[in-house]
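Reviewing the structure listed below.
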Amino acid sequence: GYLIDNNITVTTSSNYYISRKDKLSEIRQHLENYHIAYLYGIGGIGKSETAREYAEEYRDSYTTIQLSVYSGDLKALIAGLKFSSDDKTGGYFEKDINIRYETKLSLLSKAMINNERTLLIIDNYNVEPDSDEYKRNVEVMKDLKKLHIHILFTTRTLPNDDKTKIDVEEFSKEELRHMFFAINPKDKDKKERIAQVDELIETAYRHTLTVDLVAHQTAKIEEYGKKTLADYIEILQKSGMNSGINVAVYNNKDENEKSAVIFEHIKALFNLSSLTDKERYIMVNACLLPLSGMPVAEFETFIDLENHPDSESSDGWGEDSTITNLVKSGWMKKIDSGVSRLSLIHISEPTRPIS
């Protein structure tokens with residue numbers, strides 16, 4: 001049995017995706033030297049997309065690439081890797097996770113002997129270095145290191161091994177300005193507008209997802225002249241204040257503080273976007289979507305959308321316009337891989353150290 005290969009590509013529309021070319025060669029060096037690398041940065045900054053861009057860029061260097069989203073247990077993740085032999089041998093139905101795990105390990109080491117080059121991307125590996133979860137994973141990590149396959153983690157927690165860490169920092173003001181105008185081109189050659197977009201970028205602490213959301217929402221709303229970019233900037237400026245976060249003493253050094261402010265920003269944008277009941281219903285259910293997305297039609301059936309009180313009858317033609325709207329405002333994302341798939345933007349509340 002061999003590991004099933006996935007074609008991993010960036011999910012952001014190429015119209016406004018900002019490449020991190022400089023990071024890709026850094027990832028490459030780390031993986032060549034240590035076989036393991038951690039892409040580290042705050043939520044919503046673009047770690048997952050950078051990992052995907054690496055997979056896309058170095059496609060030819062690997063026989064097999066697989067991306068898994070971490071959910072609390074590394075052994076279970078490895079035991080759940082998809083191999084071609086899973087269905088035939090019934091190995092997949094083996095109840096005992098340890099047996100499944102050992103099977104997958106031995107298949108991975110066989111691949112190594114056959115000189116197959118494997119890349120595993122483990123997304124969202126947010127494990128605190130002194131937690132029980134971390135201790136549980138230590139043995140698995142040792143096993144994985146012996147395999148010499150390339151493993152790329154994305155994480156919001158500082159890995160305790162500094163040499164395998166790659167910082168994913170904020171984009172420059174110029175890059176974010178370019179992204180904003182690619183999403184919302186209104187007045188892109190006017191001095192006042194450019195200054196205003198720069199103010200937004202500063203207010204958002206150059207946070208990719210915040211700028212992306214405001215760009216999508218203003219692109220949608222400024223047509224009607226109801227709200228302006230100035231309104232959005234003001235809302236972000238005020239949002240930290242209500243939450244008891246003292247933005248005045250805010251300094252760039254404290255990642256937890258920064259994450260907390262950004263989380264408030266995104267909450268404020270969510271409240272501002274005065275979603276209808278139906279939109280909220282869709283968003284709540286979309287929290288259950290896998291990060292790899294789900295085909296739109298399948299999702300609509302899954303949440304029984306056509307029987308929602310506000311639903312238009314689409315007679316099976318085209319997607320529900322509420323979903324179209326959520327995608328337009330940036331709350332949901334379309335991942336195009338043959339069939340259009342939906343995914344929710346993912347950012348979770350930062351864990352505050354108890355002081």
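The values are calculated or read from the model by the stated rules, or taken from the named source; none is laboratory data. All values reported here derive from a predicted model rather than from experimental measurement. Here the Cβ positions follow ideal geometry from the backbone for every residue, glycine too, while neighbour counts run over all protein chains shown. For the accessible areas, the whole protein counts, side chains as well, though only heavy atoms, and no ligand, DNA or RNA atoms are used. Shrake-Rupley method; radii C 1.70, N 1.55, O 1.52, S 1.80 Å.
Can you pull out every residue in the range 137-196 that is aromatic (Phe, Trp, Tyr) and within 21 Å of the chain's Cα centre (by Cα)?
Restricting attention to the range 137-196, the residues satisfying the condition of being aromatic (Phe, Trp, Tyr) are 153, 171, 180-181.
Answer for the range 137-196, where residues must be aromatic (Phe, Trp, Tyr) and within 21 Å of the chain's Cα centre (by Cα): 153, 171, 180.
Residues in the range 293-311 that are at pLDDT 80 or above, over 25 Å from the mean Cα position of the chain (by Cα) and more than 12 Å from residue 321 (Cβ to Cβ): 304, 306, 307, 308. Checking each residue in the range 240-289 for being of a type in the set (A, V, I, L, M), out of contact with any Asp or Glu (no Cβ under 9 Å at 6 or more places or on another chain), closer than 17 Å to residue 327 by Cα and modelled with pLDDT under 85 picks out 275, 283, 284, 286, 288, 289. Right, residue 95: more than 30 Å from residue 179 (Cβ to Cβ), more than 17 Å from the chain's Cα centre (by Cα) and either in contact (Cβ under 8 Å) with a residue 60 or more places away in the chain or open to solvent by less than 20 Å² (accessible area, probe 1.4 Å) (or both) or not? Answer is no for this residue. Restricting the range 150-205 to residues that are aliphatic (A, V, I, L, M) and in a loop (DSSP other than H, G, I, E, B), the residue that is most open to solvent (accessible area, probe 1.4 Å) is 158. Listed by first and then second residue, the pairs linking a residue in the range 176-202 that is in contact (Cβ under 8 Å) with a residue 60 or more places away in the chain and under 19 Å from residue 14 (Cβ atoms) to a residue that is small (Gly, Ala, Ser) and assigned to a helix (DSSP H, G or I), with Cβ atoms under 9 Å apart and 6 or more places separating them unless they lie on different chains, are 179/215; 182/215; 183/215; 183/219. Among the residues of the range 220-237, those that are at pLDDT 90 or above, in a helix (DSSP H, G or I) and either of a type outside the set (Phe, Trp, Tyr) or in contact with a Phe, Trp or Tyr (Cβ under 6 Å, 6 or more places away or on another chain) (or both) comprise 229, 230, 231, 233, 234, 235, 236, 237.
Criterion first (among the hydroxyl-bearing types (Ser, Thr, Tyr) and either at pLDDT below 95 or under 14 Å from the mean Cα position of the chain (by Cα) (or both)) does residue 16 satisfy it? So residue 16 fits the description; yes. Being hydroxyl-bearing (Ser, Thr, Tyr) and touching a Lys or Arg at 6+ places or on another chain (Cβ under 8 Å) is a property that residue 40 has.
Scan the range 19-41 for residues that are crowded, with 16+ Cβ neighbours inside 10 Å and part of a loop (DSSP other than H, G, I, E, B) and jot them down. Scanning the range 19-41 gives 20, 35, 41.
Restricting to the range 80-109, name every residue that is under 25 Å from residue 54 (Cβ atoms), at pLDDT 85 or above and not in a strand (DSSP E or B).
We begin by selecting, within the range 80-109, every residue under 25 Å from residue 54 (Cβ atoms); these are 80-84, 104-105, 107-109.
Now restrict to residues that are at pLDDT 85 or above: 80-83, 104-105, 107-109.
The answer is 80, 81, 82, 104, 105, 107, 108, 109.
In the set 195, 182, 204, only one residue is at pLDDT below 95 and more than 30 Å from residue 107 (Cα to Cα); that residue is 204.
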